[in-house]
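The values are calculated or read from the model by the stated rules, or taken from the named source; none is laboratory data. What you see is a predicted model; the values in this text were computed from it and never measured. So basically every Cβ, Gly included, is an ideal-geometry build from the backbone, and we count neighbours across all protein chains shown. Surface accessibility is based on the protein's heavy atoms, side chains included, excluding ligands, DNA and RNA. Shrake-Rupley method; radii C 1.70, N 1.55, O 1.52, S 1.80 Å.
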Amino acid sequence: QVQLVESGGGLVQPGGSLRLSCAASGSIFSRYSMGWYRQARGKERELVAIINRDFTTIYVDSVKGRFTIFRDNAKNTVTLQMNRLKAEDTAVYYCYTVQLGVNYWGQGTQVTVSS
């Protein structure tokens, strides 16, 4: 059973930074792509960033140049470094992976960007 546990959310002022971490267990982590999604109140869940097993990355346009996703296969973690945060980045952020056709989600961590 794959388990994803996020940490690192919180309240930050516009222009600030936060780092989200996701610890994965229950599978051979290095074999699979990992990602972060977010869901703002009243909106659909959207992809933020993906890192593939070959370390290539994909970002949604709205976060390019501000967010960085990276993984540590030795520690089974995937991290989202978020810089120059904006109010519109406020959302619940979810760690995600799909393995053998099954979607797995973390419990989510709240990120609030406000002065």
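Data overview
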{"item": "Boolean, LEU11 is in contact with a Pro (Cβ under 7 Å, 6 or more places away or on another chain) and either within 15 Å of VAL111 (Cα to Cα) or open to solvent by less than 40 Å² (accessible area, probe 1.4 Å) (or both)", "result": "no"}
{"item": "Failed item, numbered, when TYR93 is tested on (1) open to solvent by 70 Å² or more (accessible area, probe 1.4 Å); (2) in contact (Cβ under 8 Å) with a residue 60 or more places away in the chain; (3) of a type outside the set (Val, Ile, Thr)", "result": "(1)"}
{"item": "All positions within segment 58-84 that are hydrophobic (A, V, I, L, M, F, W, C) and over 14 Å from the mean Cα position of the chain (by Cα)", "result": "ALA74"}
{"item": "Enumeration of residues in segment 80-108 that are of a type in the set (A, V, I, L, M, F, W, C) and in contact with a strand residue (DSSP E or B) (Cβ under 8 Å, 6 or more places away or on another chain)", "result": "LEU80, MET82, LEU85, ALA87, ALA91, VAL92, CYS95, VAL98, TRP105"}
{"item": "Residue count for segment 49-71, restricted to those that are charged (D, E, K, R), open to solvent by 50 Å² or more (accessible area, probe 1.4 Å) and over 15 Å from LEU85 (Cβ atoms)", "result": "3"}
